[in-house]
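Okay, handing you the structure first.
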Amino acid sequence: MHAHGVAVEHPRKGKTMGKQNGARSSQFAQKLVTQLPPTSLLAPLAPSSDLIIQGQSEGLIRLEDNGKYIVYLPQGKRRNYENPEEKVQAETYLKLVLVYKYPAKRIRQYVAVQMGVETKEADIIVYADDELKSPLIVGECKSPDVTEAEFARASDQAVSYAVPEGAKYVWVTSKIKNVYFEIPRSEEHTSELQ
């Protein structure tokens, strides 16, 4: 994703990819992804409170009602900031913009993802293009007190969103634990992209 603060270009060059039908099972997800080494996204991180302050000063977020709600200003989305998972989501969003330098206009939160006949919601999708047509990263955020089993399910869930969306990377975080995956392209997908 980033190496020394520089974004890696998305290999799909803005082309859309065919959707996969149905949800992916845990076994499929385990076979499909390659877990990236933890250093792949690591950079010196500011403490959480510093990220929130900086995010407010740069017009990325606003806290309302004495910190009860957070508004993600580029999207105009208002959420319950008293929810521990929302705090992780806010920090993840701010890290993507302030630490990893992804443009805020290329990040969407609470994105509808079609999974067969069901519609699910991805926490965060980072796009490789300004038109928001070429997903690069799917982010899934969990509460810091999530169990190992819940975290594993969240990882499978994020991978199952990344595959039909055509994202190359997955980042699952609980603030305490971070897991990163690269979604390899199959021969079928590679030929679709050429």
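Can you send over the solvent-accessible area of LYS168, 1.4 Å probe, protein chains only, in Å² to the nearest 10?
Approximately 40 Å² of LYS168 is accessible to the 1.4 Å probe.
For q = 0.22, 0.29, 0.30 Å⁻¹, what log10 I(q)/I(0) does segment 89-147 give under the Debye formula with an equal point scatterer on each alpha carbon and no solvent?
-0.89, -1.22, -1.26
Another question about this same structure. Could you list the square roots of 5 times each eigenvalue of the Cα gyration tensor of segment 47-194, that is, the equivalent ellipsoid semi-axes, sorted largest first and rounded to whole Å?
They are 26, 18, 14 Å, listed from largest to smallest.
For segment 49-86, which trypsin sites (Lys or Arg not before Pro) are both in a DSSP coil and crowded by at most 15 other Cβ atoms within 10 Å?
Passing sites in segment 49-86 are LYS68.
Oh, and also: Do you know the relative contact order of segment 97-194, to the nearest whole percent, from alpha carbon pairs under 8 angstrom that are 6+ apart?
With pairs under 8 Å counted, the relative contact order is 20 percent.
Scan segment 45-131 for GluC sites (Glu not before Pro) in coil per DSSP, keeping those whose Cβ has at most 12 other Cβ atoms within 10 Å, and list them by number.
GLU82, GLU131
The values are calculated or read from the model by the stated rules, or taken from the named source; none is laboratory data. Source: prediction; values computed, not measured. Counting neighbours? That spans all protein chains shown, and the Cβs are built from the backbone with ideal geometry, glycine included. Accessible surface areas use protein heavy atoms only, side chains included; no ligands, DNA or RNA. Shrake-Rupley method; radii C 1.70, N 1.55, O 1.52, S 1.80 Å.
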